[in-house]
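**Q** Dropping a structure here in structure tokens format, bear with me for questions.
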Amino acid sequence: MKREREPTQEEFEKLLAWLASAARDYQTMHYRLTRIFISGGCYDAERLADEVMNRVAVRIDKVVSDYKGDPARCLQGFAELVALEDRKDRKRRVDIELVEPSVLADERGQEEDDQRKREREDACLKRCMKELTGGERDLFERYFQSDMKAKVARKKLAADLGITANALRIKAHRLGRRLRHCLDGCLDQRPETLNDAEETIRGGNS
């Protein structure tokens, strides 16, 4: 529920005058509103009664202009709207308490799955890159990780290797297929198998 702002002193005095004009007083009306909310099963009935009074007070000029009946009935109309908003708020809070834990658990589970997937992909990529020779790794990284000036960078790479641009493209894409095949095979392995292989690689490099 969106809480109404506190009325100004002038607005509050106009509210009191409006109530007095119909032989009503603030305390009595506030008490009646509180009883209405209590009977309706609302929590924090006094706060809701304050909310009704504030809503009427900040609109007092329009209320006095548009409503010519008993202020008690006008206040009751505002109270019905506030009670409806309060029930919706309480239902929303209950729904969140019932649903949110499972939703959050699902989201956390998905995040953990995604994290594990990224970690496996990173581990497989490192493993597959280690199977390339130093020259192959350099060619692959320079060819596929070039920035927007890729044509210039690849032309220089071809010149450095002493091959044509077409030959470079063929070599790079063959390497790409090899890595893709290696990655697919690695990702199809069980995680524990991948861990054993990583330990073997680290042991061989030490």
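**Q** Can you list the lysines whose alpha carbon is less than 25 Å from that of Lys2, not counting same-chain residues fewer than 8 positions off?
**A** Lys14, Lys62, Lys88, Lys91
**Q** For region 14-60, what is one quarter of the convex hull surface built on the Cα atoms, given in nm²?
**A** For region 14-60, the mean projected area of the Cα convex hull comes to 3.1 nm².
**Q** For the pair His173/Arg5, report the inter-label distance in nm, with labels modelled 7 Å from Cα in the Cβ direction.
**A** Inter-label distance under the simple model: 6.7 nm.
**Q** Relative to the present Cα-Cα distance, how much length would full extension add between Lys156 and Glu46 at 0.36 nm per residue of separation?
**A** Between Lys156 and Glu46, full extension yields an extra 31.7 nm.
**Q** Now for a separate question. Of Met53, Leu33, Leu81, which is farthest on the positive side of the dipole of region 9-96, counting Cα position, with +1 on Lys and Arg Cβ, -1 on Asp and Glu Cβ, and the Cα centre as origin?
**A** Among Met53, Leu33, Leu81, the one farthest towards the positive end of the dipole of region 9-96 is Leu81.
Read-outs throughout are calculated quantities, based only on the coordinates presented, and are distinct from any laboratory measurement. Remember, predicted model here, so these are calculated numbers, not experimental data. Quick reminder, even Gly has a Cβ in these numbers, built from the backbone with ideal geometry, and neighbours come from all protein chains shown.
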